[in-house]
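The structure appears right after this line, and notes come after that.
The values are calculated or read from the model by the stated rules, or taken from the named source; none is laboratory data. All values reported here derive from a predicted model rather than from experimental measurement. With ideal geometry, Cβ positions are generated from the backbone for all residues, glycine too; neighbour counts draw on all protein chains shown. Quick note on the areas: whole protein, heavy atoms, side chains included, nothing else; ligands and nucleic acids left out. Shrake-Rupley method; radii C 1.70, N 1.55, O 1.52, S 1.80 Å.
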Amino acid sequence: MQRPAVVGAAGKREGGAAAGRRAVQRPTAGGLCSGRREGCAAVGELGTKRVAEEDGAANMSDSSRTIPPELLPSEDLHPLPMPVINLGHLSLDSATRYRVVDDVAKACRDLGYFQVINHGISQSVMDCALEAASDFFKLPSETKEKFASEDLRRPVRYDTSSKDSISMPRAFLKHYAHPLSEWIQYWPQQPPIYRKYMGKYASEVRMVALQLVEAIVEGLGLGKEYLNEKFHEGSQVLSVNCYAKASQSATTIGLAPHSDHGFLTILLTSCGGLEVVDPSSNIWKRVQQLPHALHVHIGDHMEVLSNGRMKTVVHRALLNPEEARISIASIHGFALHEKVTCAKELVDEENPPKYKESSFSDFLDHLTANMDNKHRNFLESLRMVTGAMVFEKADRAMVHLHMLKSKVSV
Ligand SMILES: O=C(O)CCC(=O)C(=O)O
Ligand SMILES: [Fe+2]
């Protein structure tokens with residue numbers, strides 16, 4: 001079995017949008033979609049409408065308020081270490097599976113993110129989902145705005161607003177995706193390909209998420225079957241984003257720093273733009289998307305379940321200077337009202353519970369209640385006050401100080 005490679009260890013970062021652009025193989029005859037994708041027409045409308053008074057973050061807990069990550073420096077010199085997990089190896093013999101589980105657990109503990117290859121989703125299915133998204137954003141505003149709502153609990157929401165004063169407005173569509181048969185009836189009927197292509201991708205990416213969650217809980221020493229039923233009955237939210245091409249004058253931030261609320265997020269993107277905070281250096285690092293790979297990162301509820309052994313990933317999206325960009329974030333959590341607690345197996349005298357229990361529904365309430373103030377960070381609101389926390393706070397203050405002294409590049 002191959003150990004995960006360190007991507008780009010020898011390589012310099014490619015500049016601009018070319019970096020990380022997906023190697024798109026157009027579907028062959030009999031493929032699902034035409035493979036045509038020309039960026040998003042919604043771009044011209046961005047910023048002209050403020051449909052809902054939130055920054056479109058039903059999946060995210062804004063981390064920019066507690067650790068101002070917008071102040072973190074960007075580091076372009078060294079490529080981001082990116083573990084690559086061959087998902088197919090999880091179903092090989094038990095010794096191989098054991099090593100892959102170990103690799104997944106290490107990536108989650110050390111970094112919080114990795115990419116998966118050999119995940120079983122064909123290039124054609126991924127391209128078609130991106131095409132369906134792109135075609136949706138090209139629709140006339142009146143058609144898209146039928147989905148506009150300020151209610152974060154709506155099964156489908158469209159918005160183009162940004163009120164974090166950091167990011168450029170982006171257009172996005174968020175919708176629930178599991179159980180698909182329950183939610184798909186609410187999804188857009190235009191473009192006509194939307195439900196079919198996005199539905200196919202949604203159910204296939206959910207299979208990937210379930211395999212990964214099994215590996216992660218096994219890697220935490222909790223056993224492969226741990227909370228299996230709750231994960232299978234859990235929620236899936238698709239956050240479908242469309243970013244304008246970067247213009248020279250404006251800010252290049254398309255989506256402000258945040259972490260996602262669920263256990264894990266699987267991200268499919270049309271080209272480069274994603275950045276994550278490297279936990280060892282507290283520096284923004286650009287994510288290089290490998291061809292045919294999916295990017296995975298840990299969310300708030302995995303940090304809670306693991307009682308802090310795994311950390312949620314602070315990330316943001318930059319506008320691409322060469323083209324408009326589509327991303328589809330698939331966010332996986334428990335069912336709406338199911339509480340997530342620190343696994344009792346990971347709690348003892350030395351490791352008291354670090355977080356209060358909470359559900360996806362609690363997260364939505366938190367976001368709704370804090371729409372206009374500075375306390376939007378959900379995970380922060382869950383932290384138990386302990387002695388350790390005092391030290392952690394002091395630690396964060398030091399990081400902040402360091403950040404202020406460093407060159408700020410945003
Ligand atoms: O567009 C991206 O690369 C990131 C999207 C994201 O973080 C989200 O939708 O939560
Ligand atoms: Fe996110």
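Computed values, structure above
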quantity: Rounded accessible area of residue 137 (nearest 10 Å², 1.4 Å probe); calculated: 0
quantity: Relative contact order (%) - the range 90-160, alpha-carbon pairs under 8 angstrom, separation at least six; calculated: 13
quantity: 233, 303, ranked by accessible area, largest first (probe 1.4 Å); calculated: 233, 303
quantity: Additional length obtainable on full extension of the chain from residue 380 to residue 281, 0.36 nm per residue less Cα span; calculated: 33.5 nm
quantity: Computed label-point distance, nm, for sites residue 245 and residue 106 using a 7 Å Cα→Cβ extension; calculated: 4.2
quantity: Inter-label distance, nm, simple model (7 Å from Cα along the C-beta direction), residue 344/residue 371; calculated: 3.9
quantity: DSSP-loop trypsin sites (Lys or Arg not before Pro) across the range 228-337, with at most 16 other Cβ within 10 angstrom; calculated: 245
quantity: Heavy atoms of residue 337: accessible area, 1.4 Å probe, square angstrom to 10; calculated: 130
quantity: Lys/Arg +1, Asp/Glu -1 at C-beta; the range 116-219 dipole; positive extreme among 152, 189, 202; calculated: 189
quantity: Violating pairs (Cα-Cα greater than 19 angstrom) within the set 144/174; 138/245; 285/311; 106/339; 230/344; calculated: 106/339
quantity: In Å², nearest 10: area of residue 380 left accessible to a 1.4 Å probe; calculated: 40
